[in-house]
Amino acid sequence: MIADPSHDRILIIDFGSQVTQLIARRVRETGVYCEIVPFNTAAEVFPTFGAKGVILSGGPASVADMGTPRAPQAVFESGLPVLGICYGQMTMAEQLGGVVESGHHREFGRADLNVVAPSKLFTGVWEAQSRNQVWMSHGDRITQMPQGFRIVGVSENAPFAAIADESRHYYGLMFHPEVVHTPEGGKLLANFVRDICGCVGDWSMAAYREEAIAKIREQVGEGRVICGLSGGVDSAVAAVLIHEAIGDQLTCVFVDHGLMRKAEAEEVVNLFRGHYNIPLVHVDAGDTFLSALEGEHDPETKRKTIGRLFVEVFEAEAKKIGGAEFLAQGTLYPDVIESVSFSGGPSVTIKSHHNVGGLPERMNMQLVEPLRELFKDEVRSLGRELGLPDAFVGRHPFPGPGLAIRCPGDITREKLDILREADAIYLDEIRKAGLYDKIWQAFAVLLPVKTVGVMGDGRTYEYVLALRAVTSVDGMTADFYPYDMNFLGRAATRIINEVRGVNRVVYDVTSKPPGTIEWE
């Protein structure tokens with residue numbers, strides 16, 4: 001339990017769905033605070049959490065199988081409103097006396113929901129007898145409803161697609177309202193948390209800022225804090241927030257690993273030393289990192305090497321500073337969720353796209369993690385609340401390993417210089433076209449391939465450069481951005497004309513399933 005308890009709160013019990021985080025994001029979009037707990041610890045958390053309602057997530061298991069997860073029975077004995085989604089609907093129905101069977105017709109992807117009866121959950125969103133697009137993902141089916149429930153929605157293959165017990169405020173949806181493929185799903189969740197659960201919706205970034213500052217001051221007191229800056233948004237926002245709370249008791253250490261975008265290191269130094277006047281140690285460790293990466297082709301080894309060296313360099317600088325009792329990190333709520341997710345569920349991910357390796361216990365410091373309640377988009381909102389430049393806060397994601405994973409194969413200074421220049425031109429063209437904020441992430445990749453080309457009256461033998469641009473609402477799935485050919489022509493022409501070492505440009509038009517946004 002980490003937010004100020006004065007705020008209304010919703011508890012989300014996770015049964016392992018890969019989109020459980022989206023439920024929390026949609027709830028928070030309504031101004032209501034929520035947290036996710038895995039089903040196997042929910043019984044411990046629920047009695048003291050102070051929830052005004054409970055949401056049961058989807059999951060990969062079948063309720064009909066022996067030993068599959070269940071919600072704490074205390075949830076149904078509490079008198080609180082409960083919303084069950086997909087697996088959550090199934091276990092709610094079974095635990096309340098209904099019957100669930102597997103082996104019936106499965107239903108995955110887009111479907112039409114026919115609303116057959118009014119429900120408080122649908123008020124102002126869907127009228128009775130209407131047809132509405134939803135997203136299904138199930139193989140089980142309720143064959144007998146629990147006592148007190150009635151059908152409020154059906155689909156072609158789901159006769160119990162939406163059920164409700166209005167007197168007890170229990171609702172079950174076989175579809176996923178949290179995903180964008182259910183266009184009105186966010187409104188359904190808002191109806192549940194605001195109207196049915198009675199949450200006020202007073203959780204805002206302005207309130208979070210004030211509460212976080214008070215907590216930092218209480219935790220740190222007169223102590224000193226060091227913060228590792230990676231050049232990304234998360235650590236920058238954490239540092240500015242902590243500095244606002246404790247001033248010069250904070251010292252930032254910026255480990256420049258030589259794998260950043262063009263002029264990015266200078267931007268970080270100027271922002272913190274110039275704009276915010278925050279004490280900053282800038283460590284130019286490019287030679288150390290590039291030497292360690294020399295000849296390495298495996299992307300996962302690259303990541304782990306960078307993570308290990310980052311820790312080592314940071315620890316050495318922390319010793320030089322001395323006297324710091326606290327270590328600040330830009331840990332986000334998805335990191336917290338994934339660190340406690342139950343073993344074997346698809347929501348467990350290995351986040352090797354960040355600097356991995358952890359901090360040595362011998363550093364003997366207490367952690368200050370002021371962003372551990374926030375999702376990425378909320379961190380950006382907090383950054384704007386703190387006055388960080390929008391050009392910095394709104395930058396596309398750029399994971400810790402940086403250009404190392406955008407330069408497949410071995411890494412050399414020459415290849416990094418080529419990639420930096422090409423990437424800068426590509427992003428400049430995106431901004432000139434007014435597309436930067438419409439694209440979730442865009443970058444160039446220097447392929448480990450050379451081709452023969454003709455430039456003017458001579459032949460060249462130079463690298464192929466791939467351009468990537470994806471759209472994403474939540475960072476979990478992505479689709480390529482549909483550039484027009486004029487834009488691609490302009491960008492490719494500039495890159496080939498201005499960057500020595502590239503004679504061919506291609507555009508990557510693949511889509512990405514959950515967890516595979518990065519290109520390597």
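The values are calculated or read from the model by the stated rules, or taken from the named source; none is laboratory data. Quick caveat, the model's predicted, so the values are computed rather than measured. Reconstructed Cβ throughout: ideal geometry from the backbone, glycine too, with neighbour counts over all protein chains shown. Surface accessibility is based on the protein's heavy atoms, side chains included, excluding ligands, DNA and RNA. Shrake-Rupley method; radii C 1.70, N 1.55, O 1.52, S 1.80 Å.
Filter region 121-135 down to the residues that are part of a strand (DSSP E or B) and open to solvent by 50 Å² or more (accessible area, probe 1.4 Å), then identify the one that is farthest from Pro183 (Cα to Cα).
Arg131
For region 136-157, give me each residue that is in a strand (DSSP E or B) and surrounded by 22 or more Cβ atoms within 10 Å (Cβ to Cβ). Before you say what the answer is, go through the steps one by one.
Start the filter on region 136-157 by keeping residues that are in a strand (DSSP E or B), which leaves 136-144, 150-155.
Passing the criteria: Met136, His138, Asp140, Arg141, Ile142, Val152, Gly153.
Just one of (1) modelled with pLDDT under 95; (2) under 13 Å from Ser57 (Cβ atoms); (3) not in a loop (DSSP other than H, G, I, E, B) trips up Ser17, so point out which.
All conditions pass for Ser17, except number (3).
Go through (1) under 19 Å from Ala404 (Cα atoms); (2) touching a Ser or Thr at 6+ places or on another chain (Cβ under 9 Å) and name the single condition Cys252 misses.
With respect to (1) under 19 Å from Ala404 (Cα atoms); (2) touching a Ser or Thr at 6+ places or on another chain (Cβ under 9 Å), Cys252 is out only on (1).
Restricting the first residue to region 186-212 and requiring it to be basic (Lys, Arg), which pairs with a second residue that is open to solvent by 50 Å² or more (accessible area, probe 1.4 Å) and assigned to a helix (DSSP H, G or I) meet a Cβ separation below 9 Å and a spacing of at least six or different chains?
Sorted first by the residue in region 186-212, then by its partner, the pairs are Arg209/Glu244; Arg209/Glu385.
For Gly231, work out the one condition from (1) at pLDDT 95 or above; (2) closer than 30 Å to Glu317 by Cα; (3) open to solvent by less than 10 Å² (accessible area, probe 1.4 Å) it doesn't fulfil.
Unmet for Gly231, out of (1) at pLDDT 95 or above; (2) closer than 30 Å to Glu317 by Cα; (3) open to solvent by less than 10 Å² (accessible area, probe 1.4 Å): (1).
Can you name the number of the only condition in (1) surrounded by fewer than 21 Cβ atoms within 10 Å (Cβ to Cβ); (2) modelled with pLDDT under 95; (3) in contact with a strand residue (DSSP E or B) (Cβ under 9 Å, 6 or more places away or on another chain) that Phe46 fails?
Only one criterion is unmet by Phe46, namely (2).
Quick one: which strands (runs of 3 or more DSSP E) sit completely within region 243-340 and have at least 1 residues that are under 30 Å from Val37 (Cα atoms), under 24 Å from the mean Cα position of the chain (by Cα) and not aliphatic (A, V, I, L, M)? Lay out the reasoning, then the answer.
Working: elements: 250-256, 280-284, 326-328.
Fully inside region 243-340 and qualifying: nothing.
List pairs: first in region 412-441 and of a type in the set (Phe, Trp, Tyr), second in a helix (DSSP H, G or I), Cβ under 8 Å, 6+ apart or cross-chain?
Tyr426/Ala491; Tyr426/Ile495; Tyr436/Leu427; Tyr436/Ile430
Can you name the condition, by its number, that Gly434 falls short on among (1) of a type in the set (Gly, Ala, Ser); (2) open to solvent by less than 40 Å² (accessible area, probe 1.4 Å); (3) not in a helix (DSSP H, G or I)?
(2)
Are any residues in region 236-256 under 24 Å from Asp287 (Cβ atoms) and open to solvent by 10 Å² or more (accessible area, probe 1.4 Å), and if so, which ones?
As a first pass, look at region 236-256 and keep what is under 24 Å from Asp287 (Cβ atoms): 251-256.
Within region 236-256, Thr251, Asp256 qualify.
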